[in-house]
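To start, the structure itself, in structure tokens.
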Amino acid sequence: MLDKGSYGRVFKGARRSKDKYFTVLYRTNETGQGRLGLAVSKKNCRLAVGRNRLKRIIRESFRVHRSELTGIDIVVLNQPNTHTAENKTLFDSLEKHWRRCRGIAQAGDSQDKG
């Protein structure tokens, strides 16, 4: 998980990936590990049970793709009505975001070698 300073660093200089379910902010890090932060808003999901469900889905999707997301700090924010979407829809959305995040990691690797 990200600490307070890492959240600030990601929010300050991040790239964005956005769809109707999530906004994903991501930035390379120096640790060589994929790290996940969550900012699931009460404004966009009033009930705690819905926010907790979203957090479980995001964490599980990240866990499955963690080996592909090395060297990236990621913060996931929810959009309005995300809590009403089906689990499969949310997993598919997150998978697309992870693919975009992998693009920055691969571009960073090729820049380091060049």
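The values are calculated or read from the model by the stated rules, or taken from the named source; none is laboratory data. This is a predicted model, so every value here is computed, not measured. Methodologically, a virtual Cβ is constructed for each residue, glycine included, from the backbone with ideal geometry; neighbour enumeration extends over all protein chains shown.
Numbers for the structure displayed
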item: Condition met for Gly32 (without any contact (Cβ under 8 Å) to a residue 40 or more places away in the chain and either in a loop (DSSP other than H, G, I, E, B) or hydroxyl-bearing (Ser, Thr, Tyr) (or both)); result: yes
item: Residue in the stretch 46-61 that is in a loop (DSSP other than H, G, I, E, B), over 14 Å from the mean Cα position of the chain (by Cα) and closer than 20 Å to Leu90 by Cβ present; result: yes
item: When residues of the stretch 13-37 are limited to those that are surrounded by fewer than 18 Cβ atoms within 10 Å (Cβ to Cβ) and under 18 Å from Asn81 (Cα atoms), the one farthest from the chain's Cα centre (by Cα); result: Lys20
item: Residue that is over 22 Å from Tyr7 (Cβ atoms) and free of Cβ contacts under 8 Å to residues at least 60 places away in the same chain, where the choices are Ser41, Ser67; result: Ser67
item: Leu47 being surrounded by fewer than 16 Cβ atoms within 10 Å (Cβ to Cβ) and farther than 24 Å from Gly103 by Cα; result: yes
item: Extreme residue, farthest from Thr28 (Cα to Cα), among residues of the stretch 75-98 that are in a helix (DSSP H, G or I) and modelled with pLDDT under 95; result: Thr84
